[in-house]
Amino acid sequence: MLYAENLSVNQSNHLTIGRHDAVALARRFGTPLYVLDEDRMRLNCRRYRQTLAGAYPGEGLVLYASKALCTLHTARVAAEEGLGADAVSGGEIYTLLKAGFPMEKVFFHGNNKTPEEIALAMDSGVGYFVVDNREELRRINDLAGQRGRIQPILFRVKPGVDCHTHEYIKTGQIDSKFGVALETGEALEIHREAASLPHVRVEGVHCHIGSQIFETEPFCEAVRRMTGLMAQLKSELGMDTRILNLGGGFGIPYEPGDDPPPLAHYLRSVTSVLRQETERLGLPLPQLCFEPGRALVGDAGVTLYTVGSVKTIPGVRTYVAVDGGMADNPRYILYGAKHPALVANRAGDAPEGPVTIAGKCCESGDLIAEHTPLQAVYPGDILAVLVTGAYNYSMASNYNRLPRPAMVALQGEEARLIVRRETYEDLISHDVL
Ligand code: LLP
């Protein structure tokens, strides 16, 4: 086993992903290549669902956070595994719809939904809107009114909980562009307004405190505050909220030393606080929703590259240049995120001195990793970057007019193309002369 249960080394000393030789995948499909171990994704979905069912006596629902990796195929896998979904844009909704996703299990997020997106979501039968602000609330009420219906909603609430993660992915604190604040009374006020509107019905409350979180206490604190709000909504507005959606954010290991709590521990802690608090406040157990993204697909992804050059600057460092980089994985340049890497065709060898893995974009910061131990490496080798299932393809760009890579899904013995490689023709297809 290497880093993760689904990775290993075969007799040719090649990295294997599930039952597949990574070097053979690179030869067959070309590089850069996103590889999605679909069996792993399905296992992660099942574990999440079953662990929640085991930890919570009330009704539970796991929603796949589409933003982590949104394709027709992944939407279909999530649906087949019985999950709902979180969507944050018209594009994600359209993808879910085209994949045949059960739209009544979709929660529509976003801090600035356009009228067109709201209309698309309504006409697609999206189950719930997670409303960010007053203007949006009124817009949703109007558009639902035009359709002669009552739209189920939840508000996105900032519970005022801080957590230890990268500044860019913290969202629970008062200084956040998302949602309405609890401490200032803004949350109560917007619920009051919603109660007066004829075409929306508040079904529950939502919060998301951040992403890649390793502690359970901030989630428990969020539960205390959100149940407090549910009790206040009941006593002051006579409003029954039957859904508590706690968002995503459960962290996963990226490098040795990353040690998130086991999922069961996390879910048991959160649900036991929820049971205590609802009992204390005299509330019924809500339907409990989670929106994991990274935890479902992160470790199911590996990116394969071909090494083009190895440049050693004596006394400084060695740059290993690959045929992708920040355009297919912007996580290092954005967050300094660390992804383990290994030479796929020499996977069982001991790593040697540290190297810097550089991409091919015209930008010095275009790196995948710095000072990372790596096996002996030469031009023509296949480099595997691990744990790239979440927020890689979904954040990829065409910077420097690099075509986005293909993606293959591995299921048992089968490797199937699920996103075809972009062509130069694709790149110019929107240009107008
Ligand atoms: N629900 C909501 C409302 C969210 O905003 C997010 C993530 C999730 C669920 C899923 O969070 P997860 O379980 O994946 O942590 N691009 C960044 C991550 C941004 C996350 C944004 N929201 C990265 O590459 O780390």
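The values are calculated or read from the model by the stated rules, or taken from the named source; none is laboratory data. Quantities reported herein were computed from a predicted structural model and do not represent experimental measurements. Please note: Cβ atoms are built from the backbone with ideal geometry, for glycine as well, and neighbour counts cover all protein chains shown. Side chains are part of the model used for accessible areas, which takes the heavy atoms of the whole protein and leaves out ligands, DNA and RNA. Shrake-Rupley method; radii C 1.70, N 1.55, O 1.52, S 1.80 Å.
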When residues of the stretch 221-240 are limited to those that are open to solvent by 10 Å² or more (accessible area, probe 1.4 Å) and in contact (Cβ under 8 Å) with a residue 60 or more places away in the chain, the one nearest to Val130 (Cα to Cα): Arg225
The stretch 19-66, subset without any contact (Cβ under 8 Å) to a residue 24 or more places away in the chain and either open to solvent by less than 40 Å² (accessible area, probe 1.4 Å) or not small (Gly, Ala, Ser) (or both), residue nearest to Gly389 (Cα to Cα): Leu43
Which listed residue, of Tyr64, Tyr94, is aromatic (Phe, Trp, Tyr), outside the structural domain of Asn392 (by TED's automatic domain parsing) and assigned to a helix (DSSP H, G or I): Tyr94
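Conditions (1) in a helix (DSSP H, G or I); (2) open to solvent by less than 20 Å² (accessible area, probe 1.4 Å); (3) within 16 Å of the ligand (Cβ to nearest atom), marked per residue:
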residue	(1), (2), (3)
Ala194	yes, yes, no
Val205	no, yes, yes
Pro253	no, no, yes
Ser269	yes, no, no
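Where in the stretch 277-342 are the strands (runs of 3 or more DSSP E), entirely inside, with at least 2 residues that are within 16 Å of the ligand (Cβ to nearest atom) and crowded, with 21+ Cβ neighbours inside 10 Å? Walk me through it before giving the result.
Details: elements: 287-290, 301-313, 317-322.
The strands (runs of 3 or more DSSP E) meeting that bar are 287-290, 301-313.
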